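Heads up, the thing below is written out as structure tokens.
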Amino acid sequence: MAKVKLRRGFPTEANKWALDLRGEMNLAPHDPLCPVRLAEHLGVPILKLSRMPDCEERSLLLRKQHDFSAAVCFDGLAAFILTNDGHDLKRQASDIAHELAHVLLRHPPANPFYENGIREFAPEHEAEAERLGPNLLVSNEAAVRALRLTMSGQYSLSSLSDAWGITEQVIQMQINLSGARRRLAA
């Protein structure tokens with residue numbers, strides 16, 4: 001699948017979402033954001049795959065447990081997230097943030113599960129969620145803070161990842177995408 005280009009201004013919009021939500025949750029712009037707390041704030045329940053009742057869909061997902069991460073589902077207009085709690089907690093944080101991005105952006109519901117576990121999604125919606133999800137976890141301001149903390153030796157990327165409960169890859173990606181190095185040099 002070809003990489004989808006984000007619409008003009010979307011990266012700025014993504015960081016605005018990240019900052020606005022931090023404000024609603026009484027967090028500083030540079031604070032990391034816990035996706036479980038965000039889901040609670042938004043009224044989006046998180047259901048764990050291991051706790052899903054026995055049914056054909058659960059059996060299918062358990063057979064593909066390494067492939068399935070998370071999905072936003074709807075019961076009428078109410079959204080909920082089904083997450084694979086067999087994955088590492090830091091990966092679950094990214095997965096939940098990605099699914100919350102779909103909810104926040106009001107992407108139209110799609111059937112998350114087809115026969116044989118095949119999923120269908122709109123590439124432009126996935127591209128937006130792939131950008132907004134990490135930005136929710138690490139705003140541009142949090143990326144600058146992360147870079148400052150690692151450059152000063154207060155934290156390694158690994159220890160910061162542990163402290164913030166998100167993967168090193170997400171922190172590094174947000175440092176790169178936010179222009180944190182350029183912003184610190186200014």
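The values are calculated or read from the model by the stated rules, or taken from the named source; none is laboratory data. The structure presented is a predicted model; accordingly, all values stated were derived computationally and were not measured. Quick reminder, even Gly has a Cβ in these numbers, built from the backbone with ideal geometry, and neighbours come from all protein chains shown.
A129 meets all of the listed conditions (1) within 16 Å of I96 (Cβ to Cβ); (2) assigned to a helix (DSSP H, G or I); (3) not assigned by TED's automatic domain parsing to the domain that holds S94 but one, namely (3). The residues of segment 134-158 that are in contact with a His (Cβ under 6 Å, 6 or more places away or on another chain) and either among the polar types (S, T, N, Q) or crowded, with 24+ Cβ neighbours inside 10 Å (or both) amount to a single one, A142. The residue pairs whose first member lies in segment 49-78 and is modelled with pLDDT of 75 or more, whose second member is among the hydroxyl-bearing types (S, T, Y), and whose beta carbons are closer than 7 Å, counting only pairs six or more residues apart or on different chains, are L49/T83; A70/T83. Taking every residue in segment 24-39 that is within 12 Å of W164 (Cβ to Cβ) and assigned by TED's automatic domain parsing to the domain that holds L100 and pairing it with any residue that is among the small types (G, A, S) and modelled with pLDDT under 95, at least 6 positions away or on another chain, yields no pair with a Cβ-Cβ distance below 8 Å. The single condition among (1) modelled with pLDDT of 95 or more; (2) out of contact with any Pro (no Cβ under 9 Å at 6 or more places or on another chain); (3) under 26 Å from H41 (Cβ atoms); (4) surrounded by fewer than 22 Cβ atoms within 10 Å (Cβ to Cβ) that A110 does not meet is (1). Considering (1) free of Cβ contacts under 8 Å to residues at least 24 places away in the same chain; (2) part of a helix (DSSP H, G or I); (3) not β-branched (V, I, T), the lone condition that Q154 does not fulfil carries the number (2).
Out of L136, L132, L100, I need the residue that is modelled with pLDDT of 95 or more and under 22 Å from D75 (Cα atoms). Which one? After ruling out the rest, the residue left standing is L100.
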